[in-house]
Amino acid sequence: MSKNRKVLITCAVTGAIHTPSMSPHLPVTPEEIIDAAVGAAEAGAALVHVHARDPVTGKPDQSPEAFAKFLPIIKQRSDCVINITTGGAPTMLVEERLRPCAVFKPEVASLNMGSMNFGLYPMLGRFKEFQHDWERPYLEGSKDRIFKNTFQDIENILTTCAENGTRFEIECYDIGHLYTLAHFVDRGLVKPPFFVQSVFGILGGIGGHPEDVAHMKRTADRLFGDDYQWSVLGAGRNQLAIAAMAVSMGGNLRVGLEDSLWIGPGRLAESNAQQVRAARQIIEGLGLEVASPADAREILKLKGADKVAF
């Protein structure tokens, strides 16, 4: 592990997994999403990954109009790299999920690398009371729902976004997703450096055991060599433990309330920035440096904030 390397922190500030009743700290309104993103950046996140929500119910909203309420203001208040989801929510078709990136042409967009079971229903064992009528069916429905990301879906996103110079946070929930990425690399539809985000601990994907983390890294190393930057996110209680493993193995990390509502056993995180500060402690405790937004743009070969459409 190089002692002078800089570690990228991504913060995913709200997502489409957790529902508003699970935490009073989950950003829902445009103002809350703006403050969460800017706060995360000020705490050390070089990249912020954003979803939109209905400001009244907190339901995931993938309309460009919803994103327009916060993207320009985050850009005005921070120089962080803004990463727009194409994952949206598992209930959405890819055409709906793709619209914000097609309209706003971000520096980075997330891209899920395969269809999968995406089990949220175990959360019903912890959370019993819900404020909004959509929350319980949304979680229960994941027992019989496929998060659809076919080869055609992936190709559609790649070709649409690549025309705008957008690079990808390539989300790999299992080993097969790395091979799917290799397929699109072989076809010339993804260009290095690849930003591979390995996702651990989602029911339906790879687990959060240290052997799972090592296996994902070994496979990516074999497939992509020096052509990629590796990052990890651990869902729920796995978040900081997997972050520490990855940083010690030469990787980068992602935190945020999209991935985990917690800062410790039984303790809700009060903000995204709190999780970023915890991640920063891990990085600096290992004698490494946290990457700035300028560093991220150089490491990932991004087009620059002046070339987005917001």
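Key figures for this structure:
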| read-out | value |
| --- | --- |
| Test: residue in the stretch 179-198 that is surrounded by fewer than 24 Cβ atoms within 10 Å (Cβ to Cβ), modelled with pLDDT under 95 and touching a helix residue (DSSP H, G or I) at 6+ places or on another chain (Cβ under 6 Å) | no |
| Of all residues in the stretch 27-38 being of a type in the set (A, V, I, L, M, F, W, C) and surrounded by fewer than 24 Cβ atoms within 10 Å (Cβ to Cβ), the one that is farthest from A273 (Cα to Cα) | V28 |
| Verdict on Y173 being out of contact with any Lys or Arg (no Cβ under 7 Å at 6 or more places or on another chain) and modelled with pLDDT of 95 or more | yes |
| Criterion (part of a strand (DSSP E or B) and in contact (Cβ under 8 Å) with a residue 24 or more places away in the chain) met by exactly one of F195, F184 | F195 |
| Test: residue in the stretch 92-111 that is in contact with a Ser or Thr (Cβ under 6 Å, 6 or more places away or on another chain), more than 29 Å from E155 (Cα to Cα), modelled with pLDDT of 95 or more and among the hydrophobic types (A, V, I, L, M, F, W, C) | no |
| Complete set of residues in the stretch 123-170 that are touching a strand residue (DSSP E or B) at 6+ places or on another chain (Cβ under 8 Å), among the hydrophobic types (A, V, I, L, M, F, W, C) and modelled with pLDDT of 95 or more | I146, F147, I154, I157, L158, F168, I170 |
| Pairs, first free of Cβ contacts under 8 Å to residues at least 60 places away in the same chain in the stretch 287-307, second surrounded by 12 or more Cβ atoms within 10 Å (Cβ to Cβ) and assigned to a helix (DSSP H, G or I), C-beta under 8 Å, six or more apart | none |
| Residue check, V232 part of a strand (DSSP E or B), under 17 Å from N252 (Cβ atoms) and under 19 Å from the mean Cα position of the chain (by Cα) | yes |
| Among the candidates V81, V13, residue that is modelled with pLDDT of 95 or more, among the β-branched types (V, I, T), closer than 12 Å to E258 by Cα and within 15 Å of the chain's Cα centre (by Cα) | V13 |
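The values are calculated or read from the model by the stated rules, or taken from the named source; none is laboratory data. As the structure is a computational prediction, the values presented were derived from the model and not from experiment. All Cβ positions, glycine included, derive from the backbone under ideal geometry; neighbour counts span all protein chains shown.
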